[in-house]
Amino acid sequence: MSERLIDLEETATQTGPKGVINDWRRFKLESMDQENLNPAKRELLRQMSSPSKAKDTSRGNLNRKMSVQEYELLKEEDEGCLKSYRKRCMQEMHDKLSFGPRFEGVYDLDSGEAFLEVIEKEHHSTVVVVHIYKNGIKGCEALNSCLDCLASEYPTVKFCKIDAVASGAAERFSDEYLPTLLVYKAGELLGNFLSCTQHLNEEFFATDVEGFLNSYGLLPEKEQPQMEDDEENNIE
């Protein structure tokens, strides 16, 4: 890996038009293959990305717009690099605007203690959906598959599943009450749906479960796909 050409203190994102320009220039420098880069191009990128380090007064005003020389020298790599830069900026903005933790997949709880812990200790802003199931009970397997899909579409919701026997409360969740969906937030029970598949069609899908939960206002607003994908499709 090539040696970084930018001092650590210069890597902080700046604000304002000039800050954005310089942040973009630094990103471009860091994303390019330094070892195989033409020396003249590497030096120009270094100058562009480090305006505060410029010693030559003829090149000191590097906060200006990109010159024709710079554009001609760098334009062949700009499109791909710009897409990566835009993606990074959008992710940083998304992270700043997102509250609470994010999750991947459905969590398999193996005991009543694990069940209580996820309810009591999860972040106060997190919606926790728990599916109590038992193998062989109609609808349980299909509901687990639906939750797998919803977990990928609602990463701020913590989807969990637990076998009724493993929960230590099998007597409370007998076969006639399964599958059961419990919805919590900040330790408070928001939804208690016994034999929940009776509210769905005999053959149901993730969109049906999503609609059912949304009818009670239990799911947050679904995250929209990154705008970058739509913009790229519109580029002629």
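The values are calculated or read from the model by the stated rules, or taken from the named source; none is laboratory data. In this text the structure is predicted, and so the values were computed from the model without any measurement. Glycine gets a Cβ as well: all are built from the backbone with ideal geometry, and neighbour counts include every protein chain shown. All accessible areas refer to the heavy atoms of the entire protein, side chains included, with ligands and DNA or RNA removed. Shrake-Rupley method; radii C 1.70, N 1.55, O 1.52, S 1.80 Å.
Numbers at a glance
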item	result
Rounded accessible area of T207 (nearest 10 Å², 1.4 Å probe)	100
Charge context of E153, other residues only, Cβ under 9 angstrom, K/R +1, D/E -1	-1
Amide hydrogen neighbours beyond the local backbone of L190, cut-off 5 Å, H modeled	V183, Y184, K185
Flagged links, alpha-carbon separation over 30 Å, of K87/K121; K87/K158; K138/K158; K134/K158; K87/K161; K83/K161	K87/K121; K87/K161; K83/K161
3J(HN,Hα) from dihedral phi, the stretch 136-152, Karplus parametrisation 6.51/-1.76/1.60, rounded to Hz, x for glycine, proline	x, 7, 4, x, 5, 5, 5, 5, 4, 5, 5, 5, 4, 5, 5, 4, 6
Distance in nm between pseudo-label sites at E203 and R86 (7 Å out along the Cβ direction from Cα)	4.1
Separation in nanometres of the label points that stand 7 Å from Cα toward Cβ, at S145 and A170	2.6
